[in-house]
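Here the structure comes first, spelled out in structure tokens, and everything after it is commentary.
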Amino acid sequence: MENKSISKSIILSFSLLLGLFLLGFFIFKGLKTFSDKDRVVTVKGLAEMNMTATSAYISLNFSFSGDNLQEIIKQTEIKKNSIIAYLINIGYNKNDIKINNIGINDREKYYDTKWINGQQVQVKIDRYTITQSLTILSKDVKTTEDKSAQIRLDLVKKDLTTNINTNYSFPELNSIKPQLIAESTKNARIAGEQFANDSQAKLGKIKTASQGQITIAGEYYCNDGISEGGGTPKEPYIQKARVVSTIVFFLE
């Protein structure tokens, strides 16, 4: 009976010690996990990507004004046909030339008040103004600026002076956004690992991540992006998309 009582006491003592050990171990792990939650590092990851225009357009605009509507319509038609003939002559296909609808402005007042020699004077102005525009599809975006400059010079020589502008169409940002975000996250992790190594720690999982706004550097920019001046590419047919992501990593 005495031996049995001693055995029970030993077992009970061992169980108690094991329970206290396990309790202490789990308390330690809990405190360590709690303290590890406060060990984080915040880093930023930059990603940049050039976007090349998918198409380019050359816009030609001119206008006539006067009091005789039929006469200025006739002048507009003559100039339009002369410009189209020139464009076809230098190699453009007629299907590549879009003729936009003419705009007619009919003023209600034919006189304007201006100050001349300290007095208000009624000055006669033209009643009608007609505007006409043509748009040319440029197949090679890299040569659009040179072609536009040559067209401008040739039309001046032919007494067909016209306002000329170039415009470019770029891919939507949604088409490159996943690649930009992946690259910025990768660069943020590289920065975080460097910080962890310097701190003699190990980089853990992501705690929080915040994607910055995608900015666009270039003369022309997408409708779904934000334009900025810094780092503007020299080539107008190239845009630079940029994003900075802020990521918080756990340190182990």
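What follows draws every value from the coordinates through simple rules; no lab data is involved. Computed from a predicted structure; not experimentally measured. Here the Cβ is made from the backbone with ideal geometry for all residues, glycine too, and neighbour counts use every protein chain on show.
If I take R0 = 41 Å and measure r between the Cβ atoms of Ser199 and Thr54 in this structure, what FRET efficiency does the formula 1/(1 + (r/R0)^6) give, to the nearest 0.05? Mind dumping the intermediate values first?
Details: r = 46 Å, r/R0 = 1.13.
That gives a FRET efficiency of 0.35.
Which three numbers, in whole Å and largest first, are the semi-axes of the equivalent ellipsoid of the stretch 55-169 derived from its Cα gyration tensor as √(5λ)? Each step should come with its number before you reach the end.
Working: eigenvalues 226, 51, 32 Å².
In descending order the semi-axes read 34, 16, 13 Å.
Rank-order 54-67, 140-153, 95-108 by packing density, defined as the average count of other C-beta atoms within 10 Å over each peptide's residues, highest first.
Working: 54-67: 17.4, 140-153: 15.4, 95-108: 11.6.
For the peptides 54-67, 140-153, 95-108, the packing ranking is 54-67, 140-153, 95-108.
Using modelled backbone amide H atoms (1.01 Å from N, in-plane), which distant-in-sequence or interchain residues come within less than 5 Å of Lys207's amide H?
Val248, Phe249, Phe250
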